Each structure stands twice: as structure tokens, then as C-alpha cells.
Amino acid sequence: MTTRVDEIAADVFRISTYDDRVKLQFNQFLVKDDQPLLFHTGMKSIFPQVRDAVAGLIDPAQLSFIGFSHYEPDECGALNEWLTVAPKAQAFGSFVAVNVCLSDFAIRPARVIADNEVLATGKKRFRFLSTPHVPHAWEAALLFEESGRTLFCSDLFTHAGDLEPVVTAGVTERARATLLEFQKGPLANYLPYTPNTDPIMQRLANLKPQTLAIMHGSSLSGDGGAALRSLAQVLKEVLGGGR
């Protein structure tokens, strides 16, 4: 597996490793600022190469904040490895993520961030969005960087293949095709659909992001709000039975 680095928005770097066994890209996002932030840690198995990729951008020891959406290996599996190489870094998450997951898992205390709270790292401001069960799990949350209008949207828009780092259109169509393919096998309903799914998706769309930092697949540069509204309709049709 090889790892590549691409700048998808100003000072936002996509660190991507393609795993041919599962036909998916695993993407982490480093934001360079006075207090650098990493969103997604990657799995422990790819930590050395992701760390080396980060080292090509900043000194990993200078990381200040480490976040993720929900408790899964690709989201936070290498958290403790990062906390070890970055002794000043603080992990953060939702109340549930910190108190149910990180209080036992992380090697030092993590910070609870409330829904709609803003985390400033210098020039950039990250609005924390509590999104239970979107994309997964009751602790799920996403980040919206307000100055550059980048939404870090985790597993939303997952699409398979070893793809270009950023596109200007087509991510919803790719996500729909992958979702339908997943429905045929053991990954069926890998995204839950609840009465809160559509309101959360509309809230995200109303932020009008200009970049969607997607964990599995190409990121989007363009009308993120329209893409999110289209994806909401896809989720309703495929997972919600059209309700």
C-alpha cells in the first residue's frame, strides 16, 4: 500500500492510502495552522507511513489537536501512537465519544466538545457538529472549518476505487453506486438510517461547504451543499425506503 499527499483546500492536506484488498482509500486530513489539527488517525497498521507523510508537512510532534467522527479503527485506531509522537496533542470528541470510548482507550484525557462549539487553531475555526448515527454510531460528529468552508464528512459519500484526490462533481453518483453494491453483501446497511438522518443532512447542507473532505474516495471542490442534499435523497431512497 502506498500513501500520497495532496492539498485539497488552503492548508488542508489529504493523506491517502489505498488498500486493494477492500478497494477503498483510507484518508486522513492534516490542517496546517498555528496549532495543527489531524482529523482521522488511520489504523495502527498504516501509522508508520501516515506519520511519515505528515512529517513531510510538519513536525509530527507539533500536532495540537486530533479528532475523529466515531470509534472505529480507521477513524481513531492509531490515536495512541499519535499521542505518543505528539506529546502536546489533545484528542477531542463528543460527550459520548470521550466518556464511553476515549476514557478507557486513550493514553491521556481527551476534551469534550459540545455541539456547535468552535475550536480555534489560529487562522482557522472548526465548528463541532454532533451528528448521532450520521454516518455511524451514537458518538458520531463532524467538523466544519468556517474560514475555508471545508466539511470533514467522514464516511458520508464513501465510494470505492483508487481515485483522484479531488473532483469538482460526481461524488454523489459514485457514493450511490458504492452504497448499492454494499447492499448486496455483508456491508448491507452499513450506514444506519433514523428519523434524525435527514434533518442532520439538511443541517450540513445549509452550511454551504465549498470543500467536502471525504474519508473513502475523492474529495469534492465545489457546491458541497447541493451534493449533501443529493446524498440525503440517496440515503432516503436506498436505506430509508423512500420515507
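See the values below:
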{"item": "One residue from Thr178, Thr150, Thr211, Thr172 being among the hydroxyl-bearing types (Ser, Thr, Tyr), in contact with a His (Cβ under 6 Å, 6 or more places away or on another chain), within 25 Å of Val5 (Cα to Cα) and buried (at least 19 other Cβ atoms within 10 Å of the Cβ)", "result": "Thr178"}
{"item": "The lone exception for Gly217 - which of (1) over 14 Å from the mean Cα position of the chain (by Cα); (2) crowded, with 18+ Cβ neighbours inside 10 Å; (3) at positive phi it fails", "result": "(1)"}
{"item": "Condition check for His70: in contact with a strand residue (DSSP E or B) (Cβ under 8 Å, 6 or more places away or on another chain), on the phi > 0 side of the Ramachandran plot, crowded, with 21+ Cβ neighbours inside 10 Å and at pLDDT 95 or above", "result": "no"}
{"item": "Segment 60-88, subset touching a Ser or Thr at 6+ places or on another chain (Cβ under 6 Å) and of a type in the set (A, V, I, L, M), residue nearest to Ser130 (Cα to Cα)", "result": "Leu79"}
{"item": "Test: Leu102 is in contact (Cβ under 8 Å) with a residue 60 or more places away in the chain, on the phi < 0 side of the Ramachandran plot and not in a loop (DSSP other than H, G, I, E, B)", "result": "no"}
{"item": "Output for segment 191-208, where each listed residue is assigned to a loop (DSSP other than H, G, I, E, B) and surrounded by 15 or more Cβ atoms within 10 Å (Cβ to Cβ)", "result": "Leu191, Pro192, Tyr193, Leu207"}
{"item": "Helices (runs of 4 or more DSSP H) contained entirely in segment 1-96, each with at least 2 residues that are among the charged types (D, E, K, R)", "result": "47-55, 73-76"}
{"item": "In segment 135-182, the residues that are in contact with an Asp or Glu (Cβ under 9 Å, 6 or more places away or on another chain), part of a helix (DSSP H, G or I) and among the aliphatic types (A, V, I, L, M)", "result": "none"}
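Here's the yes/no breakdown for (1) touching a helix residue (DSSP H, G or I) at 6+ places or on another chain (Cβ under 8 Å); (2) crowded, with 18+ Cβ neighbours inside 10 Å; (3) under 26 Å from Lys124 (Cβ atoms):
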{"position": "Asp6", "(1), (2), (3)": "no, no, yes"}
{"position": "Ala9", "(1), (2), (3)": "no, yes, yes"}
{"position": "Phe26", "(1), (2), (3)": "yes, yes, yes"}
{"position": "Phe29", "(1), (2), (3)": "no, yes, yes"}
{"position": "Thr41", "(1), (2), (3)": "yes, yes, yes"}
{"position": "Lys44", "(1), (2), (3)": "yes, no, no"}
{"position": "Ala53", "(1), (2), (3)": "no, yes, yes"}
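The values are calculated or read from the model by the stated rules, or taken from the named source; none is laboratory data. All figures in this text were calculated on a predicted structure; none of them were measured in a lab. All Cβ positions, even for glycine, are placed from backbone atoms using ideal geometry, and neighbour counts span all protein chains on display.
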